[in-house]
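I have placed the structure first, in the form of structure tokens, so that the comments after it can refer back to it.
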Amino acid sequence: MTTHVLFRGPQSRNDNWRTLFADALPGVTWYHWPNIEDKSAIELMIVWKLPRDYQQDYPNLKVIFSVGAGVDQLDLASVPEHIQVVRMLDPGIVKGMSEFIAMHVLNIHRDTFSYINANKTCTWQPIPTMENKQRRIGVFGLGHLGQAAAKTVLELGFSVNGWSRSPKKMEQVNCFSGEAELPTFLAQTDILVCLVPLTPDTRGILNIHTLSQLPKGASIINVGRGEQLVPDDLLTLLNQQYLAYAVLDVFDIEPLPETHPLWQHSNVVVTPHIAAITQDNSAGQVLVNNVQRYIDRQPLAGLVDRKLGY
Ligand code: GLV
């Protein structure tokens with residue numbers, strides 16, 4: 001019996017994954033949206049965003065695989081309970097994210113952005129450095145990506161705090177959890193790295209109230225979701241020189257509109273949602289393994305807990 005898989009995404013990725021699946025799982029029939037002979041045969045969908053009317057059009061849909069680490073773009077609340085939703089656990093995303101975070105933790109720690117600003121006025125002004133272990137990195141969200149990032153910055157010699165919704169333990173990381181411990185976590189964080197998933201609880205969580213609980217001179221790196229940050233609150237704290245720097249990779253409207261004041265701020269670095277890109281080869285292998293699990297009726301890796309939303 002063949003398993004019918006529909007991929008919705010770019011042609012080049014389709015060509016890669018179609019070949020990978022044909023070699024590894026010849027029992028799978030692969031379709032590239034919107035070219036589908038019989039929509040009712042589709043059991044598995046690999047997508048970033050769902051096609052409109054998918055519930056009516058694909059009545060036998062069993063699993064939605066996100067091509068990204070996040071699943072918020074799928075509007076989980078509207079996906080029927082009997083359809084499993086799976087997030088992408090791509091080692092390529094983990095590596096990319098850890099590298100991006102390490103790079104910007106180092107940039108902030110070693111004052112790269114101050115020197116870039118000083119270049120504009122030809123100002124030769126050394127800034128004293130501090131030891132890595134004196135700088136406390138706060139990883140906000142200790143999931144799959146957060147734990148890997150925490151390990152990477154630990155290896156660079158920084159002190160690391162972690163916060164998660166429910167209690168977690170990680171060697172050499174000061175772990176905090178739940179709303180009650182958030183203030184202590186924030187008060188001990190010099191560089192906040194936001195990696196929590198977007199849920200109703202985390203929407204707007206980086207606001208004047210939480211960000212002003214960071215110590216004066218702290219910086220933030222947002223690689224979670226744009227909707228988690230209130231930009232005006234961030235700008236207020238940067239303009240008061242309460243916060244030092246913000247590296248922002250995600251925005252509630254992407255691309256960030258040209259007129260947005262974040263573009264102009266000398267202490268803000270904007271990147272176009274590139275911190276961690278799904279890598280075709282490693283992610284394709286993850287999908288092959290998961291589809292094999294589906295065929296074998298085994299639990300899927302990265303299954304989303306519908307109550308938690310991630
Ligand atoms: C990107 O934001 C992703 O969810 O992979």
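The values are calculated or read from the model by the stated rules, or taken from the named source; none is laboratory data. Quick caveat: nothing in here was measured; it's all calculated off a predicted structure. Don't worry about glycine lacking a Cβ; one is built from the backbone with ideal geometry, like all the others, and counts go over all protein chains shown. These area figures cover heavy atoms from the full protein model, side chains too; ligands, DNA and RNA do not enter into them. Shrake-Rupley method; radii C 1.70, N 1.55, O 1.52, S 1.80 Å.
Worth pointing out:
- Leading residue by the ranking (farthest from the ligand (Cβ to nearest atom)) among those in the stretch 231-254 that are among the polar types (S, T, N, Q) and in a helix (DSSP H, G or I): Asn239
- Taking the stretch 287-297 as the range and being open to solvent by less than 30 Å² (accessible area, probe 1.4 Å) and either within 13 Å of the ligand (Cβ to nearest atom) or basic (Lys, Arg) (or both) as the test, no residue passes.
- Verdict on Val94 being in contact with a Leu (Cβ under 9 Å, 6 or more places away or on another chain), over 30 Å from Ser40 (Cβ atoms) and surrounded by 14 or more Cβ atoms within 10 Å (Cβ to Cβ): yes
- Flag: Gly143 matches the condition of being surrounded by fewer than 20 Cβ atoms within 10 Å (Cβ to Cβ), within 23 Å of Thr210 (Cβ to Cβ) and in contact with a Phe, Trp or Tyr (Cβ under 9 Å, 6 or more places away or on another chain).
- Some residue of the stretch 173-191 being under 27 Å from Leu74 (Cβ atoms) and open to solvent by less than 10 Å² (accessible area, probe 1.4 Å): no
- Residue check, Val196 open to solvent by 20 Å² or more (accessible area, probe 1.4 Å) and either of a type in the set (A, V, I, L, M, F, W, C) or not assigned by TED's automatic domain parsing to the domain that holds Gln134 (or both): no
- Between Lys120, Lys49, the distinction of being exposed (fewer than 15 other Cβ atoms within 10 Å of the Cβ), basic (Lys, Arg) and free of Cβ contacts under 8 Å to residues at least 40 places away in the same chain belongs to Lys120 only.
- When the stretch 9-32 is filtered for residues that are surrounded by fewer than 17 Cβ atoms within 10 Å (Cβ to Cβ) and among the aliphatic types (A, V, I, L, M), the ones remaining, listed by number, are Ala22, Ala24.
- The single condition from (1) more than 12 Å from the ligand (Cβ to nearest atom); (2) in contact with a strand residue (DSSP E or B) (Cβ under 7 Å, 6 or more places away or on another chain) that His260 fails is (2).
- Residue match in the stretch 295-310 (condition: of a type in the set (A, V, I, L, M, F, W, C), in a helix (DSSP H, G or I) and farther than 18 Å from Cys194 by Cβ): yes
- Number of the condition not met by Met88 [criteria: (1) away from the ligand (no atom under 13 Å from the Cβ); (2) buried (at least 18 other Cβ atoms within 10 Å of the Cβ)]: (1)
- Total residues in the stretch 263-285, condition within 13 Å of the ligand (Cβ to nearest atom) and open to solvent by less than 30 Å² (accessible area, probe 1.4 Å): 5
- Within the stretch 1-30, if we keep just the residues that are charged (D, E, K, R) and without any contact (Cβ under 8 Å) to a residue 40 or more places away in the chain, the residue that is farthest from Pro59 (Cα to Cα) turns out to be Asp23.
- Meets criteria (in the same structural domain as Glu155 (by TED's automatic domain parsing) and either within 27 Å of Val270 (Cβ to Cβ) or away from the ligand (no atom under 13 Å from the Cβ) (or both)) for Leu106: yes
- Top-ranked residue in the stretch 223-234 [being open to solvent by less than 20 Å² (accessible area, probe 1.4 Å) and without any contact (Cβ under 8 Å) to a residue 60 or more places away in the chain; ranked as nearest to Leu211 (Cα to Cα)]: Leu234
- Residue in the stretch 271-290 that is among the hydroxyl-bearing types (Ser, Thr, Tyr), in the same structural domain as Lys133 (by TED's automatic domain parsing) and in a helix (DSSP H, G or I) present: no
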